[in-house]
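There's a structure below that I have some questions on.
Every number here is computed from the coordinates shown, using simple stated rules; none is lab data. The structure displayed is predicted, hence computed values, not measured ones. Ideal geometry is used to build each Cβ from the backbone, glycine not excepted, and the neighbour counts take in all protein chains shown.
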Amino acid sequence: MGISILNKRTCELSQQVGERLARQGLWFTCAESCTGGLVAAYITEIPGSSAYFDRGFVTYSNQAKQDLLGVKPQTLHQWGAVSELTVREMASGALKAANADVSVAISGIAGPDGGTQDKPVGTVWFSWVHRDGRVLARKICFTGDRHQVRQQAANYALTVVLEKFL
């Protein structure tokens with residue numbers, strides 16, 4: 001199919017995030033579900049990204065979220081994978097597992113199936129954690145097809161890293 005994952009805006013955003021991480025001597029990690037590694041791909045597209053990015057986690061299944069990030073089974077059972085508590089646990093778990101300074105976690109419903117009345121297609125939960133104790137979680141409802149939802153989510157995740165955590 002040949003879908004390009006990078007556009008000019010994404011490249012500029014990734015470059016800015018990388019420059020700030022490097023300048024501040026910070027390590028970044030990501031825990032991705034619905035974006036399937038797009039944030040990691042965006043970050044590592046920039047030459048020299050090994051100076052601030054060591055690893056990321058694609059935890060598409062609930063079991064992976066538990067095994068790799070320490071998300072509690074009770075959280076997933078009670079709230080589901082697309083929830084504030086789940087992404088908070090994902091972000092904290094990724095920060096710890098990667099020994100990073102800044103993390104972002106993303107879990108959502110990219111579609112075209114899987115949406116419900118409470119969580120329609122396009123619903124994405126995010127959480128960001130900084131080693132200094134700052135934590136933020138947000139829910140955004142994106143529009144568009146699967147590719148557009150995933151790309152918008154990855155771009156949004158990096159935008160908030162840049163604006164609020166660096």
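Could you size up the charge dipole of the range 10-166 around its Cα centre, putting +1 on the beta carbon of Lys and Arg and -1 on that of Asp and Glu, and report it in debye to the nearest 20? List each step's numbers first, then the result.
Numbers: 15 positive and 14 negative charges, 62 e Å.
With only Lys, Arg, Asp and Glu charged at Cβ, the dipole is about 300 debye.
If we count other beta carbons within 10 Å of each Cβ, what is the order of Asp54, Asp132, fewest first?
Working: Asp54 13, Asp132 8.
Final ranking by Cβ density, sparse to dense: Asp132, Asp54.
Taking amide H positions as placed 1.01 Å from N in the peptide plane, with prolines and chain starts having none, which residues 5 or more places from Val58, or on another chain, fall under 5 Å of its amide H?
Excluding prolines and chain starts, which carry no amide H, the hits are Glu32.
Assign unit charges at the C-beta atoms only (+1 for Lys and Arg, -1 for Asp and Glu), then state the dipole size of the range 1-65 relative to its Cα centre in Debye, rounded to the nearest 20. Before the final figure, lay out each step's value.
Values: 6 positive and 5 negative charges, 19 e Å.
Here the range 1-65 has a charge dipole of around 100 debye.
How many angstrom lie between the Cα centre of the range 22-88 and the Cα centre of the range 104-166?
Between the Cα centres of the range 22-88 and the range 104-166 lies a distance of 12 Å.
In the chain, if every C-alpha pair distance is counted and binned at 5 Å from zero, what percent goes to each bin?
With a bin width of 5 Å, the distribution comes to 2, 10, 20, 23, 21, 14, 7, 2, 0.
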